[in-house]
Amino acid sequence: MWQDFDGWRRPCHRPVPVRPSVRLVLVLSLLVPWAALSGPASAAKRTSRRAETDAVIQAVVEGGAVPTAVSRLRYLREEAYAAREIATTLRNVHEERLRRNLTAVLAGLVTRAAEPTLVGLASDEDSAVRMYAAQGLAKLHSRYTQVLVPLLDDKSSGVRREAARALGASRNPKMGPVLVKAAKAEKELEVRAAILAAVGETGDAKQGPALKEFLASDSESTRFAAAKGLCRLGAPEGFAFAGKLLGSEDRFVRRQGLELYEGVSAKKAAPALKPLLEDKDRALAASAARILHEGGDASMLEWLVLASWNAKSDEKLAYERELEALQLRDDRRKAILRKAGVAQ
């Protein structure tokens, strides 16, 4: 007989009593390795990505570059996690420059998880923070127009410009008359141009006549912006304005004409842009393909990839520039090339 650890004399072979909590730990320790086998790689990768995400955010807090941080965070594909972490960090950061940088990063993530924080920052005391918040809401096509409308009267021209773009990006027709009113009162030409283009983006066709009035403006930028708004509404006057520019022999003027089709649906833009795919100016052709793709023509992505694959070195850059703008991932490019039978 031996004296056990609890003071009782029992046979030496008696099993040591196991408390329920210890028993649970033992069971889990047996199960975890088997459960981990079902997805150890994905779990490990996520843990690694999130650790790197934390490091990138910390680098911004320490003064790191915003574009580099945004690029890396989007590559890691942990945008939602990053948005939540940045929101938490912003509560404890009061230095002006750092708050601006963190807001700029948040705006660049383009994730719905960032929207609540951006909505709050749209009324921040700092004008740069308000501007970046409006930029982020524009990228999300946010429907929180109630926080953006007051910014059309902001003392900062940058805030007014980005607020207008965000209201246009909301695709809310009710914002059409609000923007037209703001355009008529706006003195800064750059801001007015952004507002007029945004009118077209709202999709409110009733604002066509108001935009046509701006085509008679003394300001070239105002006329151009009004034409862009009309093109986005699908108005013949806008396409006629763009057609004159595309018919020029000056390559830069032609590119201005092409720019008017930014944000126009592929269905409406195709009659003018499809012929440009054969244009001798390959940069113009590549841009036309990208605009058509963004307008809803999915086949244009394959067109760009294959055109780049077959291009000579001096022309390849034109296609790659547009593919970069579309943020084409390597796996998607490889899939397109395999489908076409030109790569393994």
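The values are calculated or read from the model by the stated rules, or taken from the named source; none is laboratory data. Predicted model, so just to flag it, every value in this text is computed and none were measured. Cβ placement follows ideal geometry from the backbone for every residue including glycine, while neighbour counts extend to all protein chains displayed. The protein model used for the area step is the full one, side chains on, heavy atoms only, and it has no ligands, DNA or RNA in it. Shrake-Rupley method; radii C 1.70, N 1.55, O 1.52, S 1.80 Å.
Worth a mention:
- Checking each residue in the stretch 71-84 for being part of a helix (DSSP H, G or I) and open to solvent by less than 60 Å² (accessible area, probe 1.4 Å) picks out Leu73, Leu76, Glu79, Ala80, Tyr81, Ala82, Ala83.
- Cβ pairs under 7 Å, 6+ apart, first in the stretch 251-275 and in contact (Cβ under 8 Å) with a residue 60 or more places away in the chain, second open to solvent by 10 Å² or more (accessible area, probe 1.4 Å) and among the acidic types (Asp, Glu): Gly263/Glu201
- Contact annotation: residue pairs with Cβ atoms under 8 Å, 6 or more positions apart or on different chains, pairing a residue in the stretch 322-344 that is farther than 18 Å from Ala286 by Cβ with a partner that is part of a loop (DSSP other than H, G, I, E, B), are Lys334/Ala343; Arg338/Gln344.
- Checking Leu24 against (1) at pLDDT 95 or above; (2) open to solvent by 70 Å² or more (accessible area, probe 1.4 Å), the condition it does not meet: (1)
- Members of the stretch 241-250 that are surrounded by fewer than 18 Cβ atoms within 10 Å (Cβ to Cβ) and either under 16 Å from Ile291 (Cβ atoms) or hydrophobic (A, V, I, L, M, F, W, C) (or both): Gly243
- Filtered residues of the stretch 85-103 (kept if in a helix (DSSP H, G or I) and either in contact with a Gly (Cβ under 6 Å, 6 or more places away or on another chain) or under 23 Å from Ala51 (Cβ atoms) (or both)): Glu85, Ile86, Ala87, Thr88, Thr89, Leu90, Arg91, Asn92, Leu98, Asn101, Leu102
- Residue count for the stretch 155-182, restricted to those that are out of contact with any Ser or Thr (no Cβ under 6 Å at 6 or more places or on another chain) and of a type in the set (Val, Ile, Thr): 2
- For the stretch 54-65, the criterion of being at pLDDT below 95, in a helix (DSSP H, G or I), over 26 Å from Pro150 (Cα atoms) and not aliphatic (A, V, I, L, M) is met by none of the residues.
- Qualifying position, being closer than 14 Å to Thr53 by Cβ and surrounded by fewer than 16 Cβ atoms within 10 Å (Cβ to Cβ), among Thr68, Thr111: Thr68
- Of all the numbered requirements in (1) under 20 Å from Arg329 (Cα atoms); (2) surrounded by 11 or more Cβ atoms within 10 Å (Cβ to Cβ), Leu98 misses one, and that requirement is (1).
- The C-beta contact set for the stretch 48-71 (first residue within 16 Å of Ala83 (Cβ to Cβ), second residue open to solvent by 40 Å² or more (accessible area, probe 1.4 Å) and outside any helix (DSSP H, G or I), distance under 7 angstrom, 6+ apart or interchain) is empty.
- Matching option when the condition is in a helix (DSSP H, G or I) and open to solvent by less than 40 Å² (accessible area, probe 1.4 Å), among Leu317, Leu306, Leu292, Leu328: Leu292
- Any hit, the stretch 291-307, residues being farther than 20 Å from Arg332 by Cβ and at pLDDT 95 or above: no
- Residues being within 24 Å of Ser123 (Cα to Cα), among the β-branched types (Val, Ile, Thr) and touching a helix residue (DSSP H, G or I) at 6+ places or on another chain (Cβ under 6 Å) are represented in the stretch 202-223 by at least one member.
- Of the residues making up the stretch 251-266, just one is open to solvent by 50 Å² or more (accessible area, probe 1.4 Å) and of a type in the set (Asp, Glu), namely Glu259.
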